[in-house]
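A.B. asks: The structure is given below, and queries will be raised subsequently.
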Amino acid sequence: MKKELIKIIKKAGKILKKGYYSNKDVTFKAKKDLVTKYDVAVENYLKEKFTKKFKEFNIIAEESDNTNIEFNNSIIIDPIDGTTNFVNGVPHTAISVGVYKDKKPYLAIVYNPILDELYEAKIGKGAYLNGKQLKVSDETELQKALLATGFPYTSGSNEDDLNDVVKKIKDILPLCQDLRRLGSASIDLCLVARGTFEGYYEMNLKPWDVSAGVLILSEAGGKITNINGEEYNLFEDKYIVATNGKIHDELIKNLNLL
Ligand code: LIP
């Protein structure tokens, strides 16, 4: 299944890449939440191919109506993760596809066609970037850790969320080497898997933002939990905390400061 999946996603990557270098019709789902005709085109292409090839899976996708779609044997698609980057010409943007069997991660692909970087993982078989095996960083000290985070779309309208983002930056920034906001959750998780970042946290993500990245990171030796250090639930948890495993407890402790 992985080979066929990659072949289809690489073709969809051509649609994304063409759009990246073209004029985009941007519309707003919410104040900060953009969508373009390319998000829809990539998603429709993937859905059509996956429906034909992988009949035993249902499909959950960012730009679709997902009501009444049961999460069980599912392919979860983000056609363009990092849409704001895509629209503005920042090359951190990717197609993210996570395949779940019995609600458990099975296969994952994150493909950035602009940089031609393809991350992939299969449960129990490791994680790879363009065929090279990935391993998380060995850094054990939070003070030396390069971290990443993201700002939720709700920070434009929900004061509690905005205050929480700012408070956590104030708490964490002095304790780590530095903090980045690259604008694509799926790529952020892959960069922890790659050892570029030691850790990453963000609130209010959707299942399609992280469905693939969580498997790629865990297969590279990383750890993913909610903000209480418990197993992360794609559909229910407000926060994701994802690290190389070695700074996880210290990061969790400092994300929970009163
Ligand atoms: C986006 C993320 C980004 C995050 C946003 C949003 P989209 O996904 O990957 O990093 O901060 O909240 O979820 O909307 O571009 O697919």
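The values are calculated or read from the model by the stated rules, or taken from the named source; none is laboratory data. The shown structure was predicted, so the numbers you read here are calculated from the model rather than taken from an experiment. Note: ideal-geometry Cβ built from the backbone for every residue, glycine included; neighbour counts use all protein chains shown.
A.B. asks: Going by the conditions given, is THR93 modelled with pLDDT of 95 or more, within 15 Å of the ligand (Cβ to nearest atom) and either assigned by TED's automatic domain parsing to the domain that holds SER211 or in contact with a Leu (Cβ under 8 Å, 6 or more places away or on another chain) (or both)? Walk me through how you get there before you give the answer.
C.D. replies: On the way: modelled with pLDDT of 95 or more: yes; within 15 Å of the ligand (Cβ to nearest atom): yes; either assigned by TED's automatic domain parsing to the domain that holds SER211 or in contact with a Leu (Cβ under 8 Å, 6 or more places away or on another chain) (or both): yes.
Considered against the rule, which asks whether it is modelled with pLDDT of 95 or more, within 15 Å of the ligand (Cβ to nearest atom) and either assigned by TED's automatic domain parsing to the domain that holds SER211 or in contact with a Leu (Cβ under 8 Å, 6 or more places away or on another chain) (or both), THR93 comes out as yes.
A.B. asks: Answer yes or no: is there a residue in region 204-223 that is part of a loop (DSSP other than H, G, I, E, B), at pLDDT 95 or above, within 9 Å of the ligand (Cβ to nearest atom) and within 24 Å of TYR128 (Cβ to Cβ).
C.D. replies: yes
A.B. asks: Could I ask something else about it? Tell me, please, whether a residue that is surrounded by 22 or more Cβ atoms within 10 Å (Cβ to Cβ) and not assigned by TED's automatic domain parsing to the domain that holds VAL42 can be found in region 165-183. Don't jump to the end; show me each part of the working.
C.D. replies: From region 165-183, those surrounded by 22 or more Cβ atoms within 10 Å (Cβ to Cβ) are none; that's our starting set.
No, because not a single residue in region 165-183 is surrounded by 22 or more Cβ atoms within 10 Å (Cβ to Cβ) and not assigned by TED's automatic domain parsing to the domain that holds VAL42.
A.B. asks: Follow-up question, since we're still on this one. Out of all the residues in region 135-147, is one or more buried (at least 23 other Cβ atoms within 10 Å of the Cβ), within 16 Å of the ligand (Cβ to nearest atom) and within 30 Å of PRO174 (Cβ to Cβ)? Steps first, answer last, please.
C.D. replies: Restricting attention to region 135-147, the residues satisfying the condition of being buried (at least 23 other Cβ atoms within 10 Å of the Cβ) are 136-137, 145, 147.
If we keep only those that are within 16 Å of the ligand (Cβ to nearest atom) as well, we get 147.
Imposing the further condition that a residue be within 30 Å of PRO174 (Cβ to Cβ) reduces the set to 147.
Checked region 135-147: at least one residue is buried (at least 23 other Cβ atoms within 10 Å of the Cβ), within 16 Å of the ligand (Cβ to nearest atom) and within 30 Å of PRO174 (Cβ to Cβ).
A.B. asks: Sort through LEU189, LEU173 and tell me the only one that's within 14 Å of the ligand (Cβ to nearest atom) and within 26 Å of LYS238 (Cβ to Cβ). Spell out the reasoning first.
C.D. replies: On the way: LEU173 fails: within 14 Å of the ligand (Cβ to nearest atom).
LEU189 is the lone residue from the list that is within 14 Å of the ligand (Cβ to nearest atom) and within 26 Å of LYS238 (Cβ to Cβ).
A.B. asks: Another question about this same structure. Hey, among the residues in region 119-134 that are surrounded by fewer than 21 Cβ atoms within 10 Å (Cβ to Cβ) and not basic (Lys, Arg), which one's farthest from the ligand (Cβ to nearest atom)?
C.D. replies: Filtering region 119-134 for residues surrounded by fewer than 21 Cβ atoms within 10 Å (Cβ to Cβ) gives 122-126, 128-133.
When the remaining residues are screened for being not basic (Lys, Arg), the result is 123-124, 126, 128-131, 133.
Details: ILE123: 23, GLY124: 27, GLY126: 24, TYR128: 21, LEU129: 18, ASN130: 21, GLY131: 25, GLN133: 25 Å.
In this case the residue turns out to be GLY124.
A.B. asks: Test ASP161 against the stated conditions and say whether it is out of contact with any Leu (no Cβ under 7 Å at 6 or more places or on another chain), among the acidic types (Asp, Glu), within 30 Å of LYS101 (Cα to Cα) and within 13 Å of the ligand (Cβ to nearest atom).
C.D. replies: Numbers: out of contact with any Leu (no Cβ under 7 Å at 6 or more places or on another chain): yes; among the acidic types (Asp, Glu): yes; within 30 Å of LYS101 (Cα to Cα): no; within 13 Å of the ligand (Cβ to nearest atom): yes.
When the stated conditions are applied, ASP161 does not pass them.
A.B. asks: Give region 40-99 a look and list any residue that's acidic (Asp, Glu) and free of Cβ contacts under 8 Å to residues at least 24 places away in the same chain, or say none.
C.D. replies: Narrowing region 40-99 to residues acidic (Asp, Glu): 43, 48, 56, 62-63, 65, 70, 78, 81.
Correct list: GLU48, GLU56, ASP65, GLU70.
A.B. asks: Any chance region 47-66 includes a residue that's more than 13 Å from the ligand (Cβ to nearest atom), over 22 Å from PHE235 (Cβ atoms) and either surrounded by 15 or more Cβ atoms within 10 Å (Cβ to Cβ) or assigned by TED's automatic domain parsing to the domain that holds ILE224 (or both)?
C.D. replies: Within region 47-66 (the criterion being more than 13 Å from the ligand (Cβ to nearest atom), over 22 Å from PHE235 (Cβ atoms) and either surrounded by 15 or more Cβ atoms within 10 Å (Cβ to Cβ) or assigned by TED's automatic domain parsing to the domain that holds ILE224 (or both)), the answer is yes, since at least one residue qualifies.
A.B. asks: In region 175-196, how many residues are under 18 Å from PHE151 (Cα atoms), in a loop (DSSP other than H, G, I, E, B) and in contact with a Ser or Thr (Cβ under 8 Å, 6 or more places away or on another chain)?
C.D. replies: Count: 3.
A.B. asks: Please tell me if LYS104 is away from the ligand (no atom under 16 Å from the Cβ) and loosely packed, with under 15 Cβ neighbours inside 10 Å.
C.D. replies: Numbers: away from the ligand (no atom under 16 Å from the Cβ): yes; loosely packed, with under 15 Cβ neighbours inside 10 Å: yes.
Yes, satisfied.
A.B. asks: To continue, here is another question. Surrounded by fewer than 19 Cβ atoms within 10 Å (Cβ to Cβ), touching an Asp or Glu at 6+ places or on another chain (Cβ under 6 Å) and more than 26 Å from GLU63 (Cβ to Cβ): which single residue out of ASN228, ASN254 fits that description? First the steps, then the outcome.
C.D. replies: Details: ASN228 fails: touching an Asp or Glu at 6+ places or on another chain (Cβ under 6 Å).
Checking each option against the conditions leaves just ASN254.
A.B. asks: Hey, any hits in region 153-162 for a residue that's touching a residue at least 12 places away in the same chain (Cβ under 8 Å) and assigned to a strand (DSSP E or B)?
C.D. replies: In the first step, residues of region 153-162 are kept if they are touching a residue at least 12 places away in the same chain (Cβ under 8 Å); the result is 153-157, 161.
With the extra rule that they be assigned to a strand (DSSP E or B), the set shrinks to none.
No: zero hits.
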